[in-house]
Amino acid sequence: MVERAGSGAVAAETSVVPGVGNRRRGWVLAGVAVVLGGVLGFHRLVPNWPGRLGSLLESFLPWGGVLVVVLLVVALVRRSAVALVALLLPVGVWVDTFGGLLLPGEEGGGRELVVVQHNVSDENRDPAGTARALADSGADLVALEELVDPQLAAYEKALAADYPHYVVRGTVGLWSKHPLSGEQVVDIKPLSIEEGWSRGLRAVVRSPYGDVAAYVAHLPSVRVGMSGLASQRRDESAALLGRAIAGESVKPMILLGDLNGVVEDRGLRPLTSQLAFAESGFAFSFPAAFPLARIDQVMARSATVGHIRTLPATGSDHLPVVARVALE
């Protein structure tokens, strides 16, 4: 009798365990949700060492929304009220940070330029087809990077009819429907890179709305490895470009380029701290096969960058991006 009572007591105790486990898992989910919300909201506080951890996190920050959805599904399956309440934090932070990018954007006004930015790839096997696709966008300005011989001649020929004005410096170029002047190289070469590296230019566009300074840049590539994000050269080049833009005398200016970084990346602060960027549209541009981030950027000063979107894939490993820039 005693043994049977003891067995019953044990059974009674174990019958409570599943409920306790669910509650514990609910609190664990809630804790993860709070941490995720903190990371999304205070990513600037994440140290950039070792391995530029902060920049690496910021490169994929929008994808934190996927983690929120995963946690939501798990919380619903577990029927955890505390986890669902905690998830309000990361949901709110994500919507506040990125929700505006989901909106269609305002209709274009009269004083605006349509611009296209595209890293065409130095391995592009169809430069003429790529050029025709970009011309079909009807853009006022087309900025290209990784222009190399013999592909350059194909771009010059294919774009000539729609864009009679153009300038190429090093491996970057700008094609325009409007006259250009003041063309010059912008030196953004990091000290550790040898001579012969030229990836920046500046020109003044004689637009129907007045002069606009246009910069085209291709910042050094970054690599993700076992030691983290290797972005030292990119960051140094961004600082040089930011210094050049700060000294620009023409008030309205547009920067188009493959900046090898997202606008949240602190490595681009020399640029994002003084320029406006797209108010709507994610426009993930790289890699073209499965875009994960927008590293092809359109930024401006004394102007507003409206909705930004990608164009269909070309022969490049990047997608082109197109945006409307409204001049003040």
Inset, instruction - Would you look at the GNM of the chain, springs on alpha carbons closer than 10 Å, and say which of GLU58, GLU146, GLU194 moves the most? - result: GLU194
Legend entry - Computed accessible area, TRP94, all protein chains, 1.4 angstrom probe, square angstrom: 50
Inset, instruction - Give the whole-number value, in cubic angstrom per residue, of the convex hull volume spanned by the C-alpha atoms of segment 232-328. - result: 96
Inset, instruction - Show the residues, 5+ positions off or on another chain, whose built amide H is closer than 5 Å to the amide H of ILE295. - result: SER285, PHE286
Inset, instruction - Mind computing the radius of gyration and Dmax over the alpha-carbon atoms of the chain? Å is fine for both. - result: 25.2, 102
Legend entry - Area projected by the alpha carbon convex hull of segment 169-234, averaged over all directions, nm²: 5.7
Inset, instruction - Answer with one residue from LEU53, LEU240, ALA326: the one whose Cα lies farthest towards the positive end of the charge dipole of the chain, charges on Cβ with Lys, Arg +1 and Asp, Glu -1. - result: LEU53
Inset, instruction - Highest first, please rank the peptides 288-295, 117-124 by the mean number of other Cβ atoms sitting within 10 Å of their residues. - result: 117-124, 288-295
Legend entry - Student exercise, the chain dipole from Lys, Arg, Asp, Glu Cβ charges, in Debye to nearest 20: 1100
Inset, instruction - Excluding residues fewer than 8 places away in the same chain, name every one of the lysines whose C-alpha is closer than 22 Å to that of LYS177. - result: LYS157, LYS251
Inset, instruction - Could you sort 218-225, 259-266, 160-167 so that the peptide with the highest average Cβ count within 10 Å comes first and the rest follow in order? - result: 259-266, 218-225, 160-167
Inset, instruction - Using a 1.4 Å probe and counting only protein heavy atoms, arrange GLU112, GLU195, GLU279 so the residue with the most accessible area comes first. - result: GLU195, GLU279, GLU112
Inset, instruction - Report the trypsin sites (Lys or Arg not before Pro) located in segment 31-131 that are in a DSSP loop and have at most 10 other Cβ atoms inside 10 Å of their Cβ, or state none. - result: ARG79, ARG125
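The values are calculated or read from the model by the stated rules, or taken from the named source; none is laboratory data. Since the structure is predicted, the reported quantities are computational estimates derived from the model, not experimental observations. Backbone-built Cβ (ideal geometry, glycine too); neighbour counts: all protein chains shown. Ligands, DNA and RNA are stripped out before the accessible areas are found, and what is left, the full protein with its side chains, is counted by its heavy atoms. Shrake-Rupley method; radii C 1.70, N 1.55, O 1.52, S 1.80 Å.
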